[in-house]
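A quick write-up on the structure given underneath.
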Amino acid sequence: MSHMLRFDPVTAEAEIGAPAPDRLISGTPEFRTWNIEEAPGGLYAGIWESTPGKWRVIYEEWEYFHILSGYSIVTEEGGEAVHLRPGHRMVLRPGFNGTWEVVETTRKDYVVRL
């Protein structure tokens, strides 16, 4: 087994999803997620993509991500909007509560720790 892993969606089949109906604010966003790594202890890594829409998010996990393409706006409840474009990176910590709005289809790579 190699101890290196490439973040390449060709190596995994995309899972299709969408926000839970009770969290959807606007649009009809569709998610595609390529889970590239699922390691023991609750560590996940992969690539996620969404078409335009807006929904509520509540994080119980820790996530680091890097925007690869598109344009999204993330807003913490009671906070200012953060505009995310290619090259932007962010960490969302457990307890984050707010909204994610995809303005232009957005793709990010991510590492999540439960």
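The values are calculated or read from the model by the stated rules, or taken from the named source; none is laboratory data. Quick caveat, the model's predicted, so the values are computed rather than measured. We place every Cβ from the backbone using ideal geometry, glycine too, and count neighbours over all the protein chains shown. Note: areas computed on protein heavy atoms with side chains; ligands, DNA, RNA excluded. Shrake-Rupley method; radii C 1.70, N 1.55, O 1.52, S 1.80 Å.
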For the list (1) surrounded by fewer than 18 Cβ atoms within 10 Å (Cβ to Cβ); (2) on the phi > 0 side of the Ramachandran plot; (3) in contact with a Lys or Arg (Cβ under 7 Å, 6 or more places away or on another chain); (4) not basic (Lys, Arg), I need the number of the one condition that residue 61 fails. (2)
Evaluation of residue 5 against (1) touching a helix residue (DSSP H, G or I) at 6+ places or on another chain (Cβ under 9 Å); (2) modelled with pLDDT of 95 or more (one fails), failing number: (2)
Among all residue pairs at least 6 apart or on different chains, which show Cβ distances below 8 Å where the first residue, located in region 7-35, is within 16 Å of residue 68 (Cα to Cα) and free of Cβ contacts under 8 Å to residues at least 60 places away in the same chain and the second is open to solvent by 50 Å² or more (accessible area, probe 1.4 Å) and among the hydrophobic types (A, V, I, L, M, F, W, C)? 31/16; 31/18; 32/16
Could you look through region 13-33, keep only residues that are exposed (fewer than 12 other Cβ atoms within 10 Å of the Cβ) and acidic (Asp, Glu), and pick out the one that is farthest from residue 109 (Cα to Cα)? 22
Kindly list, by first and then second residue, each pair from a residue in region 90-114 that is within 27 Å of residue 41 (Cα to Cα) and among the acidic types (Asp, Glu) to a residue that is at pLDDT 95 or above and part of a strand (DSSP E or B), limited to pairs with Cβ atoms under 9 Å and residues at least 6 apart or on different chains. 109/45; 109/46; 109/47; 109/48; 109/65; 109/66; 109/67; 109/68
Looking only at region 39-54, how many residues end up being without any contact (Cβ under 8 Å) to a residue 40 or more places away in the chain and surrounded by 18 or more Cβ atoms within 10 Å (Cβ to Cβ)? 0
